[in-house]
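J.: What follows is a single structure, and I will ask about it in a moment.
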Amino acid sequence: MEKNAEHTSHVHRDDEADKLGMWLFIFTELLLFGMLFLMYAVYRYRNPVAFQLGGEEIDVVIGVINTVILLISSATVAMSITAIQRGKKTQALLFLGTTLIIAVVFLVNKYFEWGTKIEYGFYPGGEALLELGHGTVLFFGLYYIMSGIHALHIIIGIGLFIYVFQQIRAEKIHKTDYVWLENTGLYWHLVDLIWIFLFPLFYLIH
Amino acid sequence: MSESTTSSKHVSFLEYKGKYKGLLGWIFSTDHKRVGLLYLYTMLVFFSIAATLGLLMKLQMLAPGHTLMGPQTYNAMFTVHGIIMIFVIVVPGLPAVFGNFFLPLMIGAKDVAFPRLNLASWWIYVIGILVVLSSQFIGGWPDTGWTFYAPYSFQTPVNIVPALVGATIMGFSSILTGINFIVTIHRMRAPGMTWFKMPLFPWTLYATAWIQVLATPVIGITLLLTLMERLLGVGIFDPRLGGDPILYQHLFWIYSHPAVYIMILPGMGVISEIIPVFSRKSIYGYKAIVLSSLAIAFVGYFVWGHHMFTSGMSGRALYAFSFLTFLVAIPSAIKVFNWVSTMHKGSLLLQTPFYWAVSFIFVFMIGGLTGLVLGSLATNVHVHDTYFVVAHFHFIVFGGTGYSFMAAIHYWFPKMFGRMYDRSWANIGWVTFFAGFLSLYTPMFVLGLQGMPRRYYDYLPEFHAWHIFSTLGSILMIAGAAIVIINLVRSSRHGQKTSEKNPWGGKTLEWQADTPPTLENWEEVPTVTQKPYEYK
Amino acid sequence: MSEEKHHISSYKSHLLVLLALLILTAASVAVTSVEMGAYNTLVAMLLAGAKATLVLLWFMHLRFDNKIYAIFTAFVIVLFLLVLFVTFFDYSYR
Amino acid sequence: MILGASTFVEGVDNAFMLILGISFFFLIGITLTIILFIYRYNEKRNPKATPVKDSVTLEVTWTVIPIILVLGMFYYGYVGWIPMKRPPSEGVMVTANARMWSFNFRYENGRVSDKLYVPKDTAVIVNLNALDVLHSFYIPAFRIKEDMVPGLANNRSWFEATKVGSYTIFCAEYCGLQHSYMLSEVVVMEQEDFWNWYNDPDAMVEEIPEDANLALLGRQLVQAKGCVACHSLDGSNLVGPSFAGRFGETITVITGGQEREIEYNEEYITRSIYEPDADISVGFRPGQMLSYEGEITEQEIELIVEFMKSLSEE
């Protein structure tokens, strides 16, 4: 009798609900990274010198480049929302495409950054690292874990961007229904937020 | 409405035929009621398993020495008992079963905000369980205790990776349920239902959902870090690499203490529903109960350290945590006073749900008051990590969550299944269970005071007498649980049919829906004008 | 779609925010070479906090959205800072 | 509440009795109230409920009174506990070493024992040292418990015993397979007896007298070092292989993943003590035992060998 009632009637559209759900998910992420920052704070407090020396081992230039491009990508994803709100599909695609490319570039940079360190034996369990003592092991352990989990979020973000990009092209996301784009944007800003703190903690403070 | 009027509009959710038939119609159904029941059946299976493990452990403790099993088996048993009971049963417990089933009904919604996500949560939960169970085939059952304390958790020769991964996955399911409930409550309340016209069970679910969203990621990252530590030797918690094992305990309890409130708050909500209905009286101090729920949820974040009074933390941290712990006791005390006052001058309907609710108050008081012994620094040092703690948390977690679960299912059973259980067997089950429960756990307080440490496979002869008492109690309690469960399972299929909308005379919205509810709950969403529990 | 329901930020405002973020980044890099001891960390965190606030208020739209989001976000941040503070009751006095 | 034998007992038990008293008062009071209500206001006796208005005064009262009570409990708990955190500077210093699954105690003069011998009415400061995982130093009769955390600085406990006698020491933090057998004893002696024991010349000798029973000394040693927690003396296999009846036999071990047959001799015993994972007897798990290098001298190993020989001869 009511064959498809299940999907037609009680899945109603509520953009505000979707956005609230996304924000709650962001809070979850904030607490997850928050605990990593807490660990960083504790270990930095206990090993101040080793953390200073560790910070000097990390390449500031790559860090600055990644920070700048990530900030730009945050702006472009925000602008793509403006574009879709104004009904400018091509502009939206252009901004979103830029963000996507920047995300990939970020990962490429990360790959080279990690690659050089691993070559020198600076990785968890690596000989060179173990020789440098406990504080340094902790510093690099946190460095790999925190920037690794961050990079994982970038990869997930790339997946989301590809999906949203196609949806805009197929006009599934448009001027009056763009909550997917908005939520992807929120997610990407979260990734940016985390990096805003990771950057000084690992690359800057000596 | 009588049985025969099964017009197309009044097909209950149980009989509804969707795209899939049979079992598939359940495991692919996004209907919040079916999802709730899926959780219920899953929990029933795993509760039986974990309770059996508990019984076997009690039998091993009947006499000192190697009686039933070796130490490795015993250690694996209390670990698996803990993991299943905590992560599979009590943490999801009331929210996943009764929250899913009744939250939309009680606030006048047709479903939760994200029905597909809701079904996905159940799937994720089941996958998490399966991953934990895969331990059996890859490296043996975990033997670390459910707390996975560092550094033992990366030194034990058995493979604890599946347990860590599985628990993390289940945590993810819990987060999604929490997000779903918060959004549902914010966006989908019936017209006229302002925040302070919302019944108390949804209120406690709301407070709980916030803890699920904000605390569960902490355990997720902690378990993942333990995993990385074990697999890669990162040096985060391992003292040999400079890590601090006490930091593991901080992170673990930053989640696991709030998790206790995830377990108990919805239970308090259920009791706050049942007491006024069975007293035929408005709840005493509605606002106090709401505010104390929120206060518990918030202050509960800052007391995790009382699990670590002997861990080697600094003295100042100890008394800060002790102080906060005593403060968090107050909102719970207020709730007890409110419940008892609600009965005053009521007209008490003495039925099974009420018995469970009243015995909840009793065991919860014992659990809470012994919590004061644990919160006080001097006494904690003596009883920490002894049977006293085991008794205390079984009174709170099993007594609190378990009794409220039982109260809830006896209360809402007719609405859920459109059938009634056998009331005399239900009462016999309750008495047996209650007597067994008390004789199982009360001796443990004495054992703890005498200095019997927990997680001991064997013990000194001086502890023997009380262990016998406790083991006999466990047999009685399991018998009681069996009576209750068999009665309910049997009645869900063969019980007296009923389509009475409101058998107990409740005032909350779920009693205005059909029995059992239809797929969409309402033909027309009701408009709310009164406060909940408005008895004249 | 009415303006008060969905605030549309202009490209210009996004670019201005980006500019501010880049300036703050440059400032935090520049300030590293100034030796201030323990204050280095503090300054770096304050600058990062300022950047985060910009991202939250403009890019993430907290300024224009329903106030409830801003309240929740503030609550979560305060909760995290309190947890951090309470944890240091242990580490500061050990 | 139970047998108590230290200066902390009074503070702890006072706090306990206070909390217990208040708890019983509320538990019994509220339970009786509930029973009274069930009797007085049940449906039959009281068919019509009377609405009651919320009273702010009442709610404030039952919020404020518990706050005062719990603050009192907090205070007594604090008072009973604070001395435990403030060890005196003078006293008998002992280092407690914990490993899976035994304790041993090293005194300042180098004396080592598997039981903790202490004088009555004297402060004893115990430095806690965990060698592998978390353990916990728990003496119920003294009301003390403190986790032993590997790598933790200033990890200590202290007490002053008030009654002569011997009391159990438990490990209270789960530490794996044989956790429940990780027990020891604290023996409280009159001061004079203690100092006699402490300075006992027989226990201190570096050179073993010629007429000494080497096997007996070996037996004392394996008990003092806690070997017997995992290696039985009666042929039953616990975590590790039994010591009994193996000396001189040919046994099968796994060395670097390869099975091979070797003789159970002095060389094998030495290697097993210093590099436990080098040769694992078939049927046992590697990674269970820490090296005793630096803790058991080669001279001591000779005693152990003599003892094992004697076990095979019996």
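The values are calculated or read from the model by the stated rules, or taken from the named source; none is laboratory data. Everything numeric in this text was worked out from a predicted model, so none of it was measured. Positions of Cβ are generated from backbone atoms using ideal geometry, with glycine treated the same way; all protein chains shown enter the neighbour counts.
J.: Pick from B:R423, B:R419, B:R454: which is in contact with an Asp or Glu (Cβ under 8 Å, 6 or more places away or on another chain) and either surrounded by fewer than 23 Cβ atoms within 10 Å (Cβ to Cβ) or acidic (D, E) (or both)? Before you say what the answer is, go through the steps one by one.
T.: Details: B:R423 fails: in contact with an Asp or Glu (Cβ under 8 Å, 6 or more places away or on another chain); B:R419 fails: in contact with an Asp or Glu (Cβ under 8 Å, 6 or more places away or on another chain).
Residue meeting the stated conditions: B:R454.
J.: Of the residues B:I182, B:I219, which single one is outside any loop (DSSP other than H, G, I, E, B) and farther than 22 Å from B:F393 by Cβ? Give the derivation first.
T.: Values: B:I219 fails: farther than 22 Å from B:F393 by Cβ.
On inspection, the qualifying residue turns out to be B:I182.
J.: Quick check on my filter: what residues within region B:130-160 are hydrophobic (A, V, I, L, M, F, W, C), within 30 Å of B:R116 (Cβ to Cβ) and surrounded by fewer than 21 Cβ atoms within 10 Å (Cβ to Cβ)? Talk me through it step by step, then tell me what you get.
T.: Of the residues in region B:130-160, the ones hydrophobic (A, V, I, L, M, F, W, C) are B:130-133, B:137-138, B:141, B:146, B:148, B:150, B:154, B:158, B:160.
Filter once more, so that each one left must be within 30 Å of B:R116 (Cβ to Cβ): B:130-133.
Answer for region B:130-160, where residues must be hydrophobic (A, V, I, L, M, F, W, C), within 30 Å of B:R116 (Cβ to Cβ) and surrounded by fewer than 21 Cβ atoms within 10 Å (Cβ to Cβ): B:L130, B:V131, B:L133.
J.: Also, I was wondering about something else. Within region D:1-29, take every residue that is buried (at least 19 other Cβ atoms within 10 Å of the Cβ) and β-branched (V, I, T) and give me the one that is farthest from the other protein chains (Cβ to nearest Cβ).
T.: The qualifying residue farthest from the other protein chains (Cβ to nearest Cβ) is D:V9.
J.: Report whether or not B:F354 is part of a helix (DSSP H, G or I), hydrophobic (A, V, I, L, M, F, W, C) and buried (at least 24 other Cβ atoms within 10 Å of the Cβ). Give the derivation first.
T.: Numbers: part of a helix (DSSP H, G or I): yes; hydrophobic (A, V, I, L, M, F, W, C): yes; buried (at least 24 other Cβ atoms within 10 Å of the Cβ): no.
Considered against the rule, which asks whether it is part of a helix (DSSP H, G or I), hydrophobic (A, V, I, L, M, F, W, C) and buried (at least 24 other Cβ atoms within 10 Å of the Cβ), B:F354 comes out as no.
J.: If you take the residues of region B:230-248 that are assigned to a helix (DSSP H, G or I) and touching a Leu at 6+ places or on another chain (Cβ under 9 Å), which of them is nearest to the other protein chains (Cβ to nearest Cβ)?
T.: If we filter region B:230-248 for residues that are assigned to a helix (DSSP H, G or I), which is where we start, we get B:230-232, B:239-241, B:245-248.
Then keep just the ones that are touching a Leu at 6+ places or on another chain (Cβ under 9 Å); that gives B:230, B:239, B:241, B:245-248.
Values: B:R230: 12, B:P239: 3, B:L241: 5, B:P245: 6, B:I246: 6, B:L247: 6, B:Y248: 10 Å.
Selected residue: B:P239.
J.: A follow-up question, please. Within region B:287-297, can you find the residues that are within 23 Å of the chain's Cα centre (by Cα), touching a residue at least 60 places away in the same chain (Cβ under 8 Å) and within 11 Å of chain D (Cβ to nearest Cβ)?
T.: Listed by number, the list holds a single entry, B:I289.
J.: Could you check B:T498 against (1) over 27 Å from the mean Cα position of the chain (by Cα); (2) buried (at least 18 other Cβ atoms within 10 Å of the Cβ); (3) of a type in the set (V, I, T) and say which number it fails?
T.: It fails just one condition, (2).
J.: Test B:N75 against the stated conditions and say whether it is of a type outside the set (G, A, S), more than 14 Å from chain D (Cβ to nearest Cβ) and either surrounded by 24 or more Cβ atoms within 10 Å (Cβ to Cβ) or outside any loop (DSSP other than H, G, I, E, B) (or both). Spell out how you get there, then give the answer.
T.: Details: of a type outside the set (G, A, S): yes; more than 14 Å from chain D (Cβ to nearest Cβ): no; either surrounded by 24 or more Cβ atoms within 10 Å (Cβ to Cβ) or outside any loop (DSSP other than H, G, I, E, B) (or both): yes.
No; evaluated as a whole, the condition is false for this residue.
J.: On to the next question. Report yes if some residue within region A:177-194 is in a loop (DSSP other than H, G, I, E, B) and either closer than 18 Å to A:R13 by Cα or in contact with a strand residue (DSSP E or B) (Cβ under 8 Å, 6 or more places away or on another chain) (or both); otherwise report no.
T.: We begin by selecting, within region A:177-194, every residue in a loop (DSSP other than H, G, I, E, B); these are A:178.
Checking the rest, the ones that are also either closer than 18 Å to A:R13 by Cα or in contact with a strand residue (DSSP E or B) (Cβ under 8 Å, 6 or more places away or on another chain) (or both) come to A:178.
Yes.
J.: Pairs under 6 Å by beta carbon, first residue within 12 Å of chain D (Cβ to nearest Cβ) and assigned to a loop (DSSP other than H, G, I, E, B) in region B:136-158, partner of a type in the set (F, W, Y) and crowded, with 19+ Cβ neighbours inside 10 Å, six or more apart or different chains?
T.: Once the first residue is within 12 Å of chain D (Cβ to nearest Cβ) and assigned to a loop (DSSP other than H, G, I, E, B) and sits in region B:136-158, its partners that are of a type in the set (F, W, Y) and crowded, with 19+ Cβ neighbours inside 10 Å give B:T144/B:Y152; B:G145/D:Y174; B:A150/B:F237; B:A150/B:Y248.
J.: Among what's in region B:314-341 and is surrounded by fewer than 22 Cβ atoms within 10 Å (Cβ to Cβ) and within 14 Å of chain C (Cβ to nearest Cβ), pick the residue that is nearest to B:H250 (Cα to Cα).
T.: By that ranking, first place goes to B:S314.
J.: Looking only at residues in region B:375-405 that are under 21 Å from the mean Cα position of the chain (by Cα) and of a type in the set (A, V, I, L, M), which one is nearest to B:V97 (Cα to Cα)?
T.: By that ranking, first place goes to B:V397.
J.: Quick check on my filter: what residues within region A:179-203 are among the hydrophobic types (A, V, I, L, M, F, W, C) and within 7 Å of chain C (Cβ to nearest Cβ)?
T.: Within region A:179-203, the subset among the hydrophobic types (A, V, I, L, M, F, W, C) is A:179-181, A:186, A:188, A:190-191, A:193-199, A:201-202.
Residues satisfying the conditions are A:L186, A:L193, A:I196, A:F197.
J.: Which one of the conditions (1) part of a helix (DSSP H, G or I); (2) free of Cβ contacts under 8 Å to residues at least 40 places away in the same chain; (3) more than 14 Å from chain B (Cβ to nearest Cβ) does D:V124 fail to meet, given that it meets all the rest?
T.: Result: D:V124 passes all but (1).
J.: Could you list, ordered by first residue, the pairs with Cβ atoms under 8 Å in which the first is in region D:71-94 and assigned by TED's automatic domain parsing to the domain that holds D:E190 and closer than 9 Å to D:A15 by Cα and the second is of a type in the set (F, W, Y) and surrounded by fewer than 17 Cβ atoms within 10 Å (Cβ to Cβ), at least 6 apart or interchain?
T.: Here the result reads none, with nothing in region D:71-94 linked to a residue that is of a type in the set (F, W, Y) and surrounded by fewer than 17 Cβ atoms within 10 Å (Cβ to Cβ).
J.: Any residue at all in region B:195-204 that's among the β-branched types (V, I, T) and under 14 Å from B:T508 (Cβ atoms)?
T.: Going through region B:195-204, the residues among the β-branched types (V, I, T) turn out to be B:204.
Next cut, under 14 Å from B:T508 (Cβ atoms) only: B:204.
For region B:195-204, residues among the β-branched types (V, I, T) and under 14 Å from B:T508 (Cβ atoms): present.
J.: Take the residues in region D:222-272 that are touching an Asp or Glu at 6+ places or on another chain (Cβ under 6 Å) and in a helix (DSSP H, G or I), then tell me which one is farthest from B:H66 (Cα to Cα).
T.: Step by step, filter region D:222-272, then rank; the result is D:A224.
J.: Right, here's the next one. When B:L377 is evaluated against the numbered criteria (1) surrounded by fewer than 24 Cβ atoms within 10 Å (Cβ to Cβ); (2) out of contact with any strand residue (DSSP E or B) (no Cβ under 7 Å at 6 or more places or on another chain); (3) modelled with pLDDT under 95, which criterion, by number, is the only one it fails?
T.: (1)
J.: How many residues are buried (at least 21 other Cβ atoms within 10 Å of the Cβ), part of a strand (DSSP E or B) and among the aromatic types (F, W, Y) if we restrict to region D:85-111?
T.: Count: 2.
J.: Still on this model: Take the residues of region B:162-221 that are touching an Asp or Glu at 6+ places or on another chain (Cβ under 9 Å) and more than 10 Å from chain A (Cβ to nearest Cβ): which is surrounded by the fewest Cβ atoms within 10 Å (Cβ to Cβ)?
T.: Step one: list which residues in region B:162-221 are touching an Asp or Glu at 6+ places or on another chain (Cβ under 9 Å), which gives B:183-184, B:186-188, B:199-201, B:217.
Still in the running and more than 10 Å from chain A (Cβ to nearest Cβ): B:199-201.
Working: B:P199: 27, B:L200: 25, B:F201: 28.
Restricting to residues being touching an Asp or Glu at 6+ places or on another chain (Cβ under 9 Å) and more than 10 Å from chain A (Cβ to nearest Cβ), the top hit is B:L200.
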